[in-house]
1. Select from segment 240-267 the residues that are crowded, with 24+ Cβ neighbours inside 10 Å and not in a helix (DSSP H, G or I) and list them in ascending order.
2. Tell me, yes or no, whether segment 344-354 has at least one residue that is among the charged types (D, E, K, R), exposed (fewer than 10 other Cβ atoms within 10 Å of the Cβ) and either touching a Leu at 6+ places or on another chain (Cβ under 8 Å) or in a helix (DSSP H, G or I) (or both).
3. Could you say which residue among GLN190, GLN196 is surrounded by fewer than 21 Cβ atoms within 10 Å (Cβ to Cβ) and of a type in the set (S, T, N, Q)?
4. Collect the residues in segment 283-300 that are open to solvent by less than 60 Å² (accessible area, probe 1.4 Å) and under 21 Å from the mean Cα position of the chain (by Cα), keeping them in residue-number order.
5. Between ARG266, ARG273, ARG315, which is more than 20 Å from the chain's Cα centre (by Cα), over 25 Å from ARG123 (Cα atoms) and either at pLDDT 90 or above or charged (D, E, K, R) (or both)?
6. Within segment 314-334, how many residues turn out to be open to solvent by 80 Å² or more (accessible area, probe 1.4 Å) and among the hydrophobic types (A, V, I, L, M, F, W, C)?
7. Mind checking which pairs have a first residue in segment 223-239 that is closer than 16 Å to SER175 by Cβ and touching a residue at least 12 places away in the same chain (Cβ under 8 Å) and a second that is among the hydroxyl-bearing types (Ser, Thr, Tyr) and open to solvent by less than 10 Å² (accessible area, probe 1.4 Å), Cβ under 8 Å, 6 or more apart or different chains?
Amino acid sequence: SASAAASAAASVAAAAAVDAAPAPPEPVLAQEVEAKVKELKAAAVGKRNAEEEAFGDSEGESDGCGGRFDVDLDVLPVDGILPGCLVRMEGLQARPELNGLVGRAIKFNEEKERWQVRLEDRRDMLLKDENLVQLCPDECEEVESEAARLLEENRQKLVAGLKDHGDEVPFPAMSPAGIEELTDEQQDKQNAAKAQGAKALEEGNFELALEKLTEAISIGAASALLYARRAQVLMKLDRPRGAANDCTAALTINPDSAKAFAIRARAYKKLDRIADAHLDFQTALKLDYDEQVYEESLEVEAKVKELKAVAVGKRNAEEKAEAARLLEENKQKYLAGLKEREGEYKEKADAEKAEKDKVEEERRARVRKRE
């Protein structure tokens, strides 16, 4: 795990620091330090691989992290960073907006002497050691806890948006909660039901395929691929809401299932949820490019552009109307202000005229007196 990797990294740093300790009783040779580093890294990578195998998809789908972290320990830099650990980016001059972001170190590229780091949005970047800081165990737990919280929050939003099956028949049964592992007998039953469902799908008997795949799912511990297969059948039966519901369940199990994203995109398209369909199509293509999916995405992309153009036109018209309204409003305020002060201006002008007439009258009086 990331915490274990961070702990191992701390041990690596401690081992490397032995060389710098003041006056050790028995000096540690550089070769021994390097050997200790490799030993610790091998243990951490081995544990990570074991976890990947334990929690991997039995149907053979990607776990989203490139599978096992099979690495050449000889090419890893002796700096404590281990494949699979969480790292924070810092000191990036060309892309300062990335500083502070957290990603996962996937593998070390020996040719380019950089780490492949996967960000939350599934982008991969190649970064130098000096721009990466491995997170301590507490930071790793905090980041992973927040990621799990956001994943569950998004799942709840997606499920809430699909609970209404509209004019479709109710959604087919889901896998029972609390069953994480099947007995040998249950596994045999599930495999048999899946095989029958696959055969029925191949023969075009979609109702039977749905029945058998639902039977397999109802046994428990259904995989993301099994849900995606049933979603594919539901689309054949013109039940896009049910298909989208199954795809959401699949993505809860495996957030990197390109197949589930692609099928849900088709379901959203049929439900006229164009923006959602566009997002799912693009995500599916990023995860696993497929020519057919790309061709399907073009129509949705064109509709999204059309909708955006309409939205932009509407927004521009609204902004123009608002600007004209404000201009008229300010004009009326100005005229109202002038009218309010009109009496004040007249009174002031009358006073100035009276004062001027008074001064003139006084001048004339003085002239008459001299005469």
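1. Across segment 240-267, the qualifying residue is only SER257.
2. Within segment 344-354, one or more residues are among the charged types (D, E, K, R), exposed (fewer than 10 other Cβ atoms within 10 Å of the Cβ) and either touching a Leu at 6+ places or on another chain (Cβ under 8 Å) or in a helix (DSSP H, G or I) (or both).
3. GLN196
4. Answer for segment 283-300, where residues must be open to solvent by less than 60 Å² (accessible area, probe 1.4 Å) and under 21 Å from the mean Cα position of the chain (by Cα): THR283, ALA284, LEU285, LEU287, VAL293, SER297, VAL300.
5. ARG315
6. 1
7. Within 8 Å, the pairs are ALA224/SER257; LEU225/SER257; ALA228/SER257.
The values are calculated or read from the model by the stated rules, or taken from the named source; none is laboratory data. Note that this is a predicted model, so its numbers are computed, not measured. Neighbour counts are summed over all protein chains in view; Cβ atoms, including those assigned to glycine, are modelled from backbone coordinates with ideal geometry. To get the accessible areas, we keep the full protein, side chains included, count just its heavy atoms, and leave off ligands, DNA and RNA. Shrake-Rupley method; radii C 1.70, N 1.55, O 1.52, S 1.80 Å.
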